[in-house]
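The values are calculated or read from the model by the stated rules, or taken from the named source; none is laboratory data. Since the model is a prediction, treat every value here as computed from it, not as a measurement. Reconstructed Cβ throughout: ideal geometry from the backbone, glycine too, with neighbour counts over all protein chains shown. Heads up: the accessible areas ignore ligands, DNA and RNA and are worked out on the full protein's heavy atoms, side chains in. Shrake-Rupley method; radii C 1.70, N 1.55, O 1.52, S 1.80 Å.
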Amino acid sequence: MTSYLLRGVSVLGAEPTDLLIRDGVIAAGPATDADVIDAAGLVALPGLVDLHTHLREPGREDAETVETGSRAAALGGYTAVFAMANTSPVADTAGVVEQVWRLGREAGLVDVQPIGAVTVGLAGKQLAELGAMATSAAGVRIFSDDGHCVADPRLMRRALEYVKAFDGIIAQHAEEPRLTEGAQMHEGEVSTRLGLTGWPAVAEEAIIARDVLLAEHVGSRLHICHVSTAGSVEVLRQAKARGVRVTAEVTPHHLLLTDELAASYDPVYKVNPPLRTAKDVQALRDALVEGVIDIVATDHAPHAVEDKECEWAYARPGMVGLETALPVVLSVLGQRWDLIAERMSRTPARIAGLTGHGTDLAVGDPANLTLVDPSARRVVDPSELASRSRNTPYAGTTLPGRIVATFLRGEPTVLDGKAVK
Ligand code: DOR
Ligand code: ZN
């Protein structure tokens, strides 16, 4: 196994130093046999961890596969991703989660951890085999019907009770379905102007309010996917102050983009939950800095051309995000490396109970890390994405930062900004 010496690297923005990677871990001592990488001006971060990725395999391999999504993740600086369950067939059995886990191992570019469905077929009627998925080789700890809300409060309560036994988590896509029937975009001034059916903020806030009460009652762990409104932040703030075991994520796109973009009628901006107002964006940024929102998660949602390049009303919601997440967060937070490491690596790893990721990059830690050039700026070109899909809302946008290299347990997955395999 090749050793690497990262010469003159800045670990989390600290003074430049030499970092040695040997036998898969951060090492100390002489580096006579190591390949030297000139890392002057580069910042080392613990490998990013994404708790919310859609890899589309099995079922929609034309949009993404475990392998192409893993490559996109590595190029984005990730060393672990959690694969959402809304595949076809749905990841609601031990067999399907083991298949996804095995494909991830075979690709070998990031650690792929499957998320299991909460209900059979995401239909919201009957609990899936949560225990069988938990004890499978995939060792599932997080369950979600993402794409759909677990709307039935009795089923949600039972799911929370069930996972409590093994300290599992229910990750909720908070969307009251009756309040969002036919919704096309955020309900507000812009939707009124455009004459599109609105998705009101309260449809998200009402479910979060209900579920923090259920989690509190049961004493279980709840995670809220893609928080998108200022009101949701307030509900979470109160719940956390009371000691409810709730964590929350925000996507890069909800930290940067607003509902005004829907006026273009370009379906690349259609996403669920929808882009909100500038006031919501500011509240989400503040909550992320403060820690009321714990982490950034991409909701990387690749879609085939025919599902995206059509009329707004018929387009599928979702945006690819793995390859632009860190640049977007850098543009929002600036070079606050410790905060970025906390929100994009350490806290997601801690929430998921994922060991070996999100470390301090101390001697002996597994060498899961990424090297960023913060002075570089790049124009996003969809044709250059490693993802099999092209639905990025940032085409033509200049974003700061370039991921130069990524290491998974000491093996490079990305070098010189290019995937190694
Ligand atoms: O925009 C979205 N796309 N939101 C979701 O909840 C699901 C996702 C998808 O699977 O495409
Ligand atoms: Zn979702």
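Details
- Within the option set Asp360, Asp299, Asp280, being more than 20 Å from the chain's Cα centre (by Cα) and of a type in the set (D, E, K, R) holds for one residue only, Asp360.
- Taking each residue of segment 295-308 that is surrounded by fewer than 23 Cβ atoms within 10 Å (Cβ to Cβ) and looking for partners that are of a type in the set (Asp, Glu) and at pLDDT 95 or above with beta-carbon atoms closer than 8 Å, six or more apart or interchain, yields Ala304/Asp62.
- Residues in segment 290-304 that are under 17 Å from Leu236 (Cα atoms) and among the β-branched types (Val, Ile, Thr): Val292, Ile293, Ile295, Val296.
- Looking at segment 229-311, the helices (runs of 4 or more DSSP H) lying wholly inside it that each contain 2 or more residues that are within 11 Å of ligand 1 (Cβ to nearest atom), among the charged types (D, E, K, R) and out of contact with any Gly (no Cβ under 6 Å at 6 or more places or on another chain) sit at 305-308.
- Flag if Tyr394 is buried (at least 18 other Cβ atoms within 10 Å of the Cβ) and modelled with pLDDT of 95 or more: yes
- Residue match in segment 266-285 (condition: open to solvent by 50 Å² or more (accessible area, probe 1.4 Å), within 15 Å of ligand 2 (Cβ to nearest atom) and at pLDDT 95 or above): no
- Selection status of Gly182, at positive phi and in contact (Cβ under 8 Å) with a residue 40 or more places away in the chain: no
- Among the residues of segment 133-165, those that are closer than 23 Å to Asp111 by Cβ, away from ligand 1 (no atom under 16 Å from the Cβ) and open to solvent by less than 40 Å² (accessible area, probe 1.4 Å) comprise Met133, Ala134, Ser136, Ala138, Gly139, Val140, Val163.
- Only one entry of Arg378, Arg346 meets the criterion of being surrounded by fewer than 23 Cβ atoms within 10 Å (Cβ to Cβ) and outside any helix (DSSP H, G or I), and that entry is Arg378.
- When the helices (runs of 4 or more DSSP H) confined to segment 57-168 are screened for residues that are touching a strand residue (DSSP E or B) at 6+ places or on another chain (Cβ under 7 Å) and at pLDDT 95 or above, those reaching at least 3 such residues are found at 66-75, 94-107, 153-164.
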